[in-house]
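The values are calculated or read from the model by the stated rules, or taken from the named source; none is laboratory data. Quick caveat, the model's predicted, so the values are computed rather than measured. Methodologically, a virtual Cβ is constructed for each residue, glycine included, from the backbone with ideal geometry; neighbour enumeration extends over all protein chains shown.
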Amino acid sequence: MPLTLRQIRYFVAVAETGKIAAAASSVGISPSAITEALQELEAVTGVLLVTRHRRGVRLTYDGYRFLQHSQNILAAVSDATYALSKSHTSFSGRLTLGATITVAGYFLASPLARFRRTFPHLNVQVQEHSRAIIERQLANGQLDVAVILVSNLQNTEEIAAEVLVRSKRRLWTAANHPLLEKDDVTLADIAEEPYIQLMIDEAGKSHLAFWERHGLRPRIEFRTESVEAVRSLVATGAGVTILSDMVYRPWSLEGDRIESKDVVDEIPTMDVGLARKRDADIDDRVKAFIDFCRMEYTSGRPRMAVD
């Protein structure tokens, strides 16, 4: 039985939502069709891709590896569709693109490489700055467009933004951590554990905000701007953390296992998206980049405006 794009698309929907019903709703089909597609994929690949638990599904390690390839497949199909639908791929000139550190390190490389292949005559110059500097440079016209964590956007009067990807935040622990045995993990449970706090891209501020909304504070043992340091400390049992799926990897640099688990309490997603100067004229270069990103991540439609 060959793999199909339908199976892959449904599998990615399950991985992104963590629930069969939510995945079915996102692609407009029945939950039974999602379940059937997963069973077909597991039969073809010969490996278990997801495990089921009380609140949904969780990717296995093989499932996580297969997800990376599945996302690349869907992106390649999107590229092909975009190339056939657009005839102006000979744009030339310079496009100045801003990016924050997390986006530059964990999101931008692959779509930017595909964009450059599609528009080989465009000179794309990427500038990495803090969110505050990027907002100021967009407002001053020093940047054409930016890819940032739009969930952190402050200057909504001058900057227009739209979401491309919502990355769910989950608990990270070492393998065999006692919290993994609980059916429902709450922030109150996590508050009792030593906590490793990532600080880049205002993560400390955004984390404190959702903890405070629940009337809790994490017991922070260590603060760092290094995601790899967080992975190593969590994997060796020095503490736990809550981070988004976008930066999740199941292994530390030392080869220790890192597990992720849903948290019952409502935690905001980390939203990656496009930002540009509000009401500014959009020339063909900028429009090409915006349309390309929409095609890659939202089927060509603006996913959500951030006002």
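Overview of results
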item	result
Residue check, residue 107 among the aromatic types (Phe, Trp, Tyr) and more than 30 Å from residue 232 (Cβ to Cβ)	no
Residue in the stretch 97-116 that is surrounded by the fewest Cβ atoms within 10 Å (Cβ to Cβ), counting only those that are of a type in the set (S, T, N, Q) and either in the same structural domain as residue 248 (by TED's automatic domain parsing) or in a helix (DSSP H, G or I) (or both)	110
Scope the stretch 150-177; condition closer than 25 Å to residue 14 by Cβ and not β-branched (Val, Ile, Thr); matching residues	151, 162, 164, 166, 167, 168, 169, 170, 171, 172, 175, 177
Unique residue being under 20 Å from the mean Cα position of the chain (by Cα), surrounded by 13 or more Cβ atoms within 10 Å (Cβ to Cβ) and either modelled with pLDDT under 80 or more than 30 Å from residue 225 (Cβ to Cβ) (or both) when the list is 15, 22	22
Selection count, the stretch 32-77, where residues are β-branched (Val, Ile, Thr) and within 16 Å of the chain's Cα centre (by Cα)	0
Qualifying residue in the stretch 189-206 (condition: crowded, with 21+ Cβ neighbours inside 10 Å, of a type in the set (A, V, I, L, M, F, W, C) and within 24 Å of residue 52 (Cβ to Cβ))	yes
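Yes/no per residue for (1) within 18 Å of the chain's Cα centre (by Cα); (2) in a strand (DSSP E or B):
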position	(1), (2)
141	no, no
155	no, no
170	yes, yes
203	yes, no
